[in-house]
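Undergrad: Please see the structure below; I have some questions.
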Amino acid sequence: MRKIVRLPRILKINWVKDLSVSVVFNNGQTRIIDFKVLFEKFEVKPNDPEYLLINPEEFAKVELVDYTLSWKNVEQKLTMIDGRRENMPYEIGPDVLYKYSKPETKNIALSLGQLIREARMRAGLTQQQLAGKSGTTRNYISRIENDRSDIELDTLRKIIEVGLGRRLEVSIK
C-alpha cells in the first residue's frame, strides 16, 4: 500500500516584519518563519543570490506564488532538464518553510483560554466540575485553558452556556 504524502501549502501571507513572515498553511496553522535563523542555518554568503534578502526592504517584496514564498527581485540561475540555464525568481518550498517555522501564538486563543479559566474560577468550579457540567473531560478543559487545543464553536457554547451558565457572544471587528 502506498503512503500518501501530504505536502504543506501556504495559503496566505499575514504579515512581513524585518526578516520574519507570518503565513497560514493549508492545515490551518499560522506559523512564523524567521529568515534570519534560516539564512544562518543554510550559511548564506554574500555571493549567494538570496543574500540580497538580508536587506528588510528587499525581503518585504515577498509574494505568494503557487502556494510558496517567492521573491521576483532575486534571480537565480537554474539548469533545466534539457541543459538550458534560465533565470528564475528565488523561492523556498513550503515543505522547507514548514519545517523551519514555528507556530504563531494566536492572541485570541490565549485570551479565550484565559477567559474560560477566569470565568470558571469566578464560578467556584474546578476543571473537573466544569467538564462534568459541559459534557467534556477535565483534560480537555485543561488543554483549552492552557492553549493546547483548538475548540469548536459548538463545544465553546456548551462550556460557556451550559457549564458556566453564561451567555456566549461572538463578534468580528
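The values are calculated or read from the model by the stated rules, or taken from the named source; none is laboratory data. Given the structure is predicted, the values throughout are model-derived calculations rather than measurements. We place every Cβ from the backbone using ideal geometry, glycine too, and count neighbours over all the protein chains shown.
Undergrad: I'd like the full set of residues that are more than 9 Å from the chain's Cα centre (by Cα) and surrounded by 15 or more Cβ atoms within 10 Å (Cβ to Cβ), limited to the stretch 12-25.
TA: VAL16, LEU19, SER20, VAL21
Undergrad: Answer yes or no as to whether GLN76 is within 28 Å of LYS17 (Cβ to Cβ), assigned by TED's automatic domain parsing to the domain that holds VAL16 and surrounded by fewer than 15 Cβ atoms within 10 Å (Cβ to Cβ).
TA: Against the criterion (within 28 Å of LYS17 (Cβ to Cβ), assigned by TED's automatic domain parsing to the domain that holds VAL16 and surrounded by fewer than 15 Cβ atoms within 10 Å (Cβ to Cβ)), GLN76 qualifies.
Undergrad: Go through the residues of the stretch 79-100 one by one and say whether even a single one is touching a residue at least 60 places away in the same chain (Cβ under 8 Å) and among the acidic types (Asp, Glu).
TA: Checking the stretch 79-100: at least one residue is touching a residue at least 60 places away in the same chain (Cβ under 8 Å) and among the acidic types (Asp, Glu).
Undergrad: Go over the candidates LEU97, LEU112 one by one and state the one that is under 24 Å from ASN27 (Cβ atoms) and assigned by TED's automatic domain parsing to the domain that holds THR30.
TA: LEU97
Undergrad: Please go through the stretch 43-56 and pick out each residue that is surrounded by 10 or more Cβ atoms within 10 Å (Cβ to Cβ), out of contact with any Phe, Trp or Tyr (no Cβ under 9 Å at 6 or more places or on another chain) and not in a helix (DSSP H, G or I).
TA: The one that is surrounded by 10 or more Cβ atoms within 10 Å (Cβ to Cβ), out of contact with any Phe, Trp or Tyr (no Cβ under 9 Å at 6 or more places or on another chain) and not in a helix (DSSP H, G or I): ASN55.
Undergrad: Being modelled with pLDDT of 90 or more, surrounded by 15 or more Cβ atoms within 10 Å (Cβ to Cβ) and assigned to a helix (DSSP H, G or I), is that true of even one residue in the stretch 103-117?
TA: yes
Undergrad: Same structure again: Here is a list: ILE10, ILE54. Which entry is of a type outside the set (Asp, Glu) and either in contact (Cβ under 8 Å) with a residue 60 or more places away in the chain or closer than 15 Å to VAL96 by Cα (or both)?
TA: After ruling out the rest, the residue left standing is ILE10.
Undergrad: Can you tell me which residues in the stretch 57-92 are of a type in the set (Ser, Thr, Tyr), in a strand (DSSP E or B) and more than 17 Å from ASN47 (Cα to Cα)?
TA: Within the stretch 57-92, THR68, SER70, THR79 meet the criteria.
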